[in-house]
Amino acid sequence: MPSAIEARQLDVGYGGRQAAVKVLAGLDLTVAAGSFLSILGPSGCGKSTLLRVVADLLDPLGGTIRVLGETPHAVRSRRDVGFVFQDSTLLPWRTVRDNVRLPLGVGLRSLTRKIEDRSTELLELMGLGALSERLPHQLSGGQRQRVAIARALLGEPKLLLMDEPFGALDEITRDRLNDELLALWRRSGTTILFVTHSIAEAAYLGERVIVLAANPGRVVKDLDMRPLKQEGNRCKREDAAMVAAMADLRVALERAS
Amino acid sequence: MRQAPLSPQTTVALPVLGAASILLAWQYILPLLGVPAYIVPTPTAIFGVFQKNFSLLMDNLRPTLIEALAGFVIGNLAAVLLAVLFVHSRVLQAAYFPIVLFFNTIPILALSPIIILIFGLGMTPKIVIAAVICFFPTLVNMIRGLDSASGNEHELFRVLSATRSEIFWGLRLPRALPMLFSSLRIASATAVIGAIVGEWIGSDKGLGALIIQATFNYQSDRLYAAIILSSSLSIALFCLVVLVERRIIRY
């Protein structure tokens with residue numbers, strides 16, 4: 001399978017090339033197209049930074065990175081990347097529907113393909129049909145994240161970057177959204193990079209889980225979850241193999257912290 | 001112990017009763033205390049001016065209204081445009097914002113004679129004074145408002161490859177509107193103050209001129225009527241701003 005992401009000896013930091021504080025150092029990472037990668041790591045290990053480099057929101061200091069075989073800039077300019085933030089980042093003056101439709105209103109000049117207004121379909125799919133004329137402040141945290149995901153999907157991205165999107169939600173809502181996300185992923189074939197603090201979430205969602213260590217950020221554990229799961233990345237949270245994998249990830253995470 | 005909340009009817013009735021009690025005390029107790037009418041005329045005497053000299057009051061209200069409104073529009077518009085320029089060019093902001101800041105420290109009363117020297121005695125200098133007095137708070141608030149979108153919001157627009165103008169109209173401007181309106185509320189009162197200050201210094205028309213003439217002629221009932229009228233003008237402008245704000249900002 002071709003790679004969605006190929007990073008070689010990637011250095012990322014702040015403060016310019018000379019006096020840089022390195023957040024990621026010498027990071028090597030290959031992500032297969034269409035796969036679901038979970039990224040775990042302690043605070044400050046560069047999980048979000050990695051997503052920002054892939055999304056062309058941050059330039060690396062050194063090394064190479066190819067996204068869908070091209071530079072992050074080329075991919076971002078074509079709008080092949082979707083980003084879901086932890087705080088949903090809905091625009092408070094737009095209704096739910098208008099928030100979902102944001103990709104139809106901006107950045108069209110650089111777009112080569114035509115995107116359709118699938119807002120009605122996506123709102124129904126995310127269980128937001130009845131809320132489409134509400135304003136963001138009238139929604140619960142879980143509903144807001146659903147809107148953010150619907151907005152990201154409307155642009156039909158080939159690569160979906162999710163930065164702790166369910167971090168602020170209660171456990172029941174989080175579990176439900178995990179299942180909805182997996183269903184969407186199976187249907188769309190989009191590559192997903194999913195950053196989380198939760199070991200259980202990372203293991204449940206990812207076909208593969210990587211653990212990053214901090215100072216500077218690097219991959220210290222790379223666990224293929226596919227042998228533990230059934231077809232279509234399906235599993236039960238309480239399976240013995242899953243519990244063992246989570247224990248394994250916990251040890252790696254504790255060492256990394 | 002926390003007090004129980006008031007019922008909606010009481011919340012409306014109490015300020016009315018409060019105002020009525022003060023008016024009654026003013027009408028009946030102040031004369032009994034020997035306060036002469038040329039210092040504090042009674043409410044009925046002031047009300048009498050509105051009946052007797054209504055056309056005089058209206059003739060003086062009109063120029064003040066026009067000056068305050070024109071100053072409000074021009075001052076705020078200039079502030080908004082300059083704020084847009086400043087947030088798009090950090091070089092211009094660094095070069096000229098300190099000068100604007102210095103300009104703002106000059107008391108408006110000291111500045112007014114200069115403005116009148118430049119623009120003469122017509123309505124123009126009053127409009128300029130009203131505009132100047134509105135300008136600074138709106139400029140500062142608008143710059144802050146245009147810069148108030150979060151890092152994530154900017155990144156969201158960047159991921160969507162939004163152009164600078166799309167970021168401006170779709171993100172920066174809507175983010176700035178609540179702050180713009182809070183300075184417009186302040187400006188609704190200060191525009192009237194600016195117009196009146198301008199009329200004090202050089203005019204024979206307008207509420208400011210009427211206030212000066214009434215003071216020098218010991219026509220205190222007329223003076224108080226002019227004061228009430230100018231404060232009503234500020235309140236009306238304020239309500240207009242709030243009305244527009246409620247239509248535009250629904251979140």
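Please specify each residue of segment A:204-257 satisfying the condition of being more than 30 Å from A:Tyr14 (Cα to Cα) and assigned to a loop (DSSP other than H, G, I, E, B).
Residues of segment A:204-257 more than 30 Å from A:Tyr14 (Cα to Cα): A:204-205, A:207, A:224-248.
Matches in segment A:204-257: A:Glu207, A:Met225, A:Lys229, A:Glu231, A:Gly232, A:Asn233, A:Cys235, A:Lys236, A:Arg237, A:Glu238, A:Asp239.
When you check A:Glu171 against the structure, is it within 24 Å of A:Ala200 (Cβ to Cβ), more than 13 Å from chain B (Cβ to nearest Cβ) and in contact (Cβ under 8 Å) with a residue 40 or more places away in the chain, yes or no? It would help to see each step written out before you state the result.
Numbers: within 24 Å of A:Ala200 (Cβ to Cβ): yes; more than 13 Å from chain B (Cβ to nearest Cβ): yes; in contact (Cβ under 8 Å) with a residue 40 or more places away in the chain: no.
The answer is no for A:Glu171.
Suppose the filter is part of a helix (DSSP H, G or I), crowded, with 18+ Cβ neighbours inside 10 Å and in the same structural domain as B:Arg164 (by TED's automatic domain parsing); does B:Ala68 pass it? First the steps, then the outcome.
Details: part of a helix (DSSP H, G or I): yes; crowded, with 18+ Cβ neighbours inside 10 Å: yes; in the same structural domain as B:Arg164 (by TED's automatic domain parsing): yes.
Answer is yes for this residue.
Among (1) buried (at least 21 other Cβ atoms within 10 Å of the Cβ); (2) within 14 Å of chain A (Cβ to nearest Cβ); (3) assigned to a helix (DSSP H, G or I), which single condition is B:Thr190 missing?
(2)
Under the condition of being of a type in the set (A, V, I, L, M) and in contact (Cβ under 8 Å) with a residue 40 or more places away in the chain, which residue from segment B:141-175 is farthest from the other protein chains (Cβ to nearest Cβ)?
Step one: of segment B:141-175, the residues of a type in the set (A, V, I, L, M) are B:142-143, B:146, B:149, B:156, B:159-160, B:162, B:167, B:171, B:173.
Those still in the list that are in contact (Cβ under 8 Å) with a residue 40 or more places away in the chain too: B:142-143, B:146.
Details: B:Met142: 17, B:Ile143: 20, B:Leu146: 15 Å.
Applying the filter and picking the extreme gives B:Ile143.
Which condition number does B:Ile39 fail, the rest of (1) surrounded by 10 or more Cβ atoms within 10 Å (Cβ to Cβ); (2) within 27 Å of B:Leu210 (Cα to Cα); (3) of a type outside the set (D, E, K, R) being met?
Single failed check for B:Ile39: (1).
Does at least one position in segment A:34-44 carry a residue that is over 21 Å from B:Leu156 (Cβ atoms) and touching a Lys or Arg at 6+ places or on another chain (Cβ under 6 Å)?
Residues of segment A:34-44 that are over 21 Å from B:Leu156 (Cβ atoms), as a first pass: A:34-38, A:40-44.
Applying the additional criterion that residues be touching a Lys or Arg at 6+ places or on another chain (Cβ under 6 Å) yields A:37, A:41.
Checked against the condition, which is being over 21 Å from B:Leu156 (Cβ atoms) and touching a Lys or Arg at 6+ places or on another chain (Cβ under 6 Å), segment A:34-44 yields at least one hit.
Which condition number in (1) more than 14 Å from chain B (Cβ to nearest Cβ); (2) in contact (Cβ under 8 Å) with a residue 40 or more places away in the chain; (3) over 20 Å from A:Arg186 (Cα atoms) is the one that A:Gly142 fails?
(2)
Keeping to segment A:227-247, report how many residues are touching a Lys or Arg at 6+ places or on another chain (Cβ under 8 Å) and closer than 19 Å to A:Leu40 by Cβ.
Within segment A:227-247, the first condition is being touching a Lys or Arg at 6+ places or on another chain (Cβ under 8 Å), and the residues that meet it are A:232-233, A:235, A:242.
Pick out the ones that are also closer than 19 Å to A:Leu40 by Cβ and you get A:233, A:235, A:242.
Adding up the residues that qualify gives 3.
State which residue is farthest from the chain's Cα centre (by Cα) when the search covers only segment A:1-32 and only residues that are hydroxyl-bearing (Ser, Thr, Tyr) and at pLDDT below 95. Step through it out loud before you land on a result.
Applying the first criterion (hydroxyl-bearing (Ser, Thr, Tyr)) to segment A:1-32 yields A:3, A:14, A:30.
Now drop any that are not at pLDDT below 95, which leaves A:3, A:14.
Values: A:Ser3: 16, A:Tyr14: 22 Å.
If we take residues in segment A:1-32 being hydroxyl-bearing (Ser, Thr, Tyr) and at pLDDT below 95, then A:Tyr14 is farthest from the chain's Cα centre (by Cα).
Give just the number: which of (1) without any contact (Cβ under 8 Å) to a residue 24 or more places away in the chain; (2) within 27 Å of the chain's Cα centre (by Cα); (3) assigned to a loop (DSSP other than H, G, I, E, B) does B:Val40 not satisfy?
Status for B:Val40: all satisfied but (1).
Assigned to a helix (DSSP H, G or I) and closer than 30 Å to B:Val244 by Cα - does that describe any residue in segment B:206-219?
First, the residues of segment B:206-219 that are assigned to a helix (DSSP H, G or I): B:207-216.
Cutting the leftovers down to closer than 30 Å to B:Val244 by Cα gives us B:207-208.
Yes, segment B:206-219 has at least one match.
Give segment A:116-133 a look and list any residue that's part of a loop (DSSP other than H, G, I, E, B) and not hydrophobic (A, V, I, L, M, F, W, C), or say none.
In the first step, residues of segment A:116-133 are kept if they are part of a loop (DSSP other than H, G, I, E, B); the result is A:116-118, A:126-128, A:132-133.
Hits for segment A:116-133 are A:Glu116, A:Asp117, A:Arg118, A:Gly127, A:Ser132, A:Glu133.
Of the residues that sit in segment B:193-215 and are among the charged types (D, E, K, R) and in contact (Cβ under 8 Å) with a residue 60 or more places away in the chain, which one is nearest to the other protein chains (Cβ to nearest Cβ)?
Quick first cut of segment B:193-215, residues among the charged types (D, E, K, R) only: B:199, B:204-205.
Checking which are in contact (Cβ under 8 Å) with a residue 60 or more places away in the chain leaves us with B:199, B:205.
Numbers: B:Glu199: 40, B:Lys205: 43 Å.
By that ranking, first place goes to B:Glu199.
Could you check how many residues of segment A:55-72 are under 22 Å from A:Ala32 (Cβ atoms) and not polar (S, T, N, Q)? Reasoning before the result, please.
Step one: of segment A:55-72, the residues under 22 Å from A:Ala32 (Cβ atoms) are A:55-56, A:60, A:63-72.
This time we only want the ones that are not polar (S, T, N, Q), so: A:55-56, A:60, A:63, A:65-70, A:72.
Residues flagged as under 22 Å from A:Ala32 (Cβ atoms) and not polar (S, T, N, Q) within segment A:55-72 amount to 11.
From the list A:Val96, A:Val106, A:Val81, which residue is closer than 30 Å to A:Gln138 by Cα, free of Cβ contacts under 8 Å to residues at least 24 places away in the same chain and buried (at least 16 other Cβ atoms within 10 Å of the Cβ)? Walk me through it before giving the result.
Details: A:Val96 fails: free of Cβ contacts under 8 Å to residues at least 24 places away in the same chain; A:Val81 fails: free of Cβ contacts under 8 Å to residues at least 24 places away in the same chain.
Among A:Val96, A:Val106, A:Val81, only A:Val106 is closer than 30 Å to A:Gln138 by Cα, free of Cβ contacts under 8 Å to residues at least 24 places away in the same chain and buried (at least 16 other Cβ atoms within 10 Å of the Cβ).
Every residue in segment A:136-168 that is assigned to a loop (DSSP other than H, G, I, E, B) and crowded, with 18+ Cβ neighbours inside 10 Å, please.
At the first step, the residues of segment A:136-168 found to be assigned to a loop (DSSP other than H, G, I, E, B) are A:139-140, A:155-158, A:164-168.
Answer for segment A:136-168, where residues must be assigned to a loop (DSSP other than H, G, I, E, B) and crowded, with 18+ Cβ neighbours inside 10 Å: A:Leu139, A:Gly155, A:Pro157, A:Lys158, A:Glu164, A:Pro165, A:Phe166.
The values are calculated or read from the model by the stated rules, or taken from the named source; none is laboratory data. For clarity, every value in this text was computed on a predicted model and none was experimentally measured. In this analysis, Cβ positions are derived from the backbone assuming ideal geometry, glycine residues included, and neighbour counts consider all displayed protein chains.
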